């Protein structure tokens, strides 16, 4: 059983606490911190949390808790992480880890120097569909992963600080691109170094300094590409989709809209439907178990089980640091309109040379480019001559 200090009382902290208290769990939030006394009191009442405070140090150093969960605005993450590290407590931090790679690296250094357990709360790599899909990829169902596309779009975040570039560190990329980048890393392989990035971003709709839309490509050292699409301008709720393509197969994932639960109502749901839902009449897309569908349930199981077993969780602060390094390159590419290198000062993955392409041999003289069945049932082969490189076709 773990007793937890929850830092923050917004939507993310609500989801976190809902997950932690679910299914007769013995783990409990026993201290909550908010910058607002009113919100702290209300959160404590709503979730039967015995103690609350508006003092961050008091919350982190509560002698009754052994885990600190950070669900605060991005600009407070570093302060909270360092406080937890100094207190010698396990610390779990929401995404993104930092506003920049430099900030994230300081947080990584702090927890590693203190020797405390650290987990990066990247929930969307823990959705049931993503976990199952990643297992299939690891078993070789797709062969070599060539392309991973991740999309998250909705009408915009729920709290004012997201829209403030100084507090958040950016716009749709820092908010949602971090999800998409880490999803692609999980499919392509975390051991494979992200090499360079190209990105378009713009502020298309909202009167803010940060971007509200972006599309980008991350090229990896093995030639694979991670594609992200993020927007705060999408109408119709929240769209969460992933696609993975490999040499031997393809995976399509739809996490939120059109997932098999559709409801039409002219009377209205009279309240909350699902995260980022824009209406409560007409065709609706409710979610049976929202914390589970968004990955929170599996995420906290992994985090707390790993803490109990003294092992590394699936996502830790190093992963958060790598994601921040990729996002730094994303913002630089959007500025320069060019491919920009991903600078990772402390790369801990593979240094393998992936320059050689895998070629399928057909016979002693040819490589196989492609084979297909024609409408009349015959087989066509596209071949490349090993000597000279000429492309030819044969019909059998």
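Just one of the listed residues (80, 57) is buried (at least 23 other Cβ atoms within 10 Å of the Cβ), on the phi < 0 side of the Ramachandran plot, assigned to a helix (DSSP H, G or I) and modelled with pLDDT of 95 or more, and it is 80.
None of 205, 192, 197, 173 is within 18 Å of the chain's Cα centre (by Cα) and surrounded by fewer than 24 Cβ atoms within 10 Å (Cβ to Cβ) except 192.
Check whether at least one residue in the stretch 148-170 is out of contact with any strand residue (DSSP E or B) (no Cβ under 6 Å at 6 or more places or on another chain) and over 29 Å from residue 81 (Cβ atoms), and report yes or no.
Filtering the stretch 148-170 down to residues out of contact with any strand residue (DSSP E or B) (no Cβ under 6 Å at 6 or more places or on another chain) leaves 154-170.
In the following step, the residues that additionally are over 29 Å from residue 81 (Cβ atoms) were identified as 155.
Yes, that holds for at least one residue.
Looking at 322, 369, 326, 330, can you tell me which residue is surrounded by 14 or more Cβ atoms within 10 Å (Cβ to Cβ) and in a strand (DSSP E or B)?
369
Going by the structure shown, is residue 343 at pLDDT 95 or above, part of a helix (DSSP H, G or I) and surrounded by 10 or more Cβ atoms within 10 Å (Cβ to Cβ)?
no
Filtering the stretch 246-274 to residues that are farther than 20 Å from residue 290 by Cβ and surrounded by 14 or more Cβ atoms within 10 Å (Cβ to Cβ) leaves 246, 249, 251. One residue stands out in the stretch 275-291 among those that are buried (at least 18 other Cβ atoms within 10 Å of the Cβ) and within 19 Å of the chain's Cα centre (by Cα): the one that is modelled with the lowest pLDDT, namely 276. Going through the stretch 285-317 one residue at a time, which ones are assigned to a helix (DSSP H, G or I) and under 25 Å from residue 239 (Cα atoms)? Within the stretch 285-317, 290, 291, 292, 293, 296, 297, 298, 299, 300 qualify. Looking across the stretch 117-140, just one residue is farther than 23 Å from residue 325 by Cα, in contact with a helix residue (DSSP H, G or I) (Cβ under 7 Å, 6 or more places away or on another chain) and outside any helix (DSSP H, G or I), and that is 127.
Does the stretch 88-96 contain any residue that is part of a loop (DSSP other than H, G, I, E, B) and under 17 Å from residue 178 (Cβ atoms)? Scanning the stretch 88-96 turns up at least one residue that is part of a loop (DSSP other than H, G, I, E, B) and under 17 Å from residue 178 (Cβ atoms). Given the structure, is residue 310 crowded, with 16+ Cβ neighbours inside 10 Å, closer than 29 Å to residue 192 by Cα and either in contact with a helix residue (DSSP H, G or I) (Cβ under 6 Å, 6 or more places away or on another chain) or not assigned by TED's automatic domain parsing to the domain that holds residue 200 (or both)? So residue 310 fails the test. Among the residues of the stretch 14-52, those that are out of contact with any helix residue (DSSP H, G or I) (no Cβ under 6 Å at 6 or more places or on another chain) and assigned to a strand (DSSP E or B) comprise 28, 30, 51. Do we find that residue 338 is without any contact (Cβ under 8 Å) to a residue 12 or more places away in the chain and not in a strand (DSSP E or B) in this structure? No.
The values are calculated or read from the model by the stated rules, or taken from the named source; none is laboratory data. The shown structure was predicted, so the numbers you read here are calculated from the model rather than taken from an experiment. In this analysis, Cβ positions are derived from the backbone assuming ideal geometry, glycine residues included, and neighbour counts consider all displayed protein chains.
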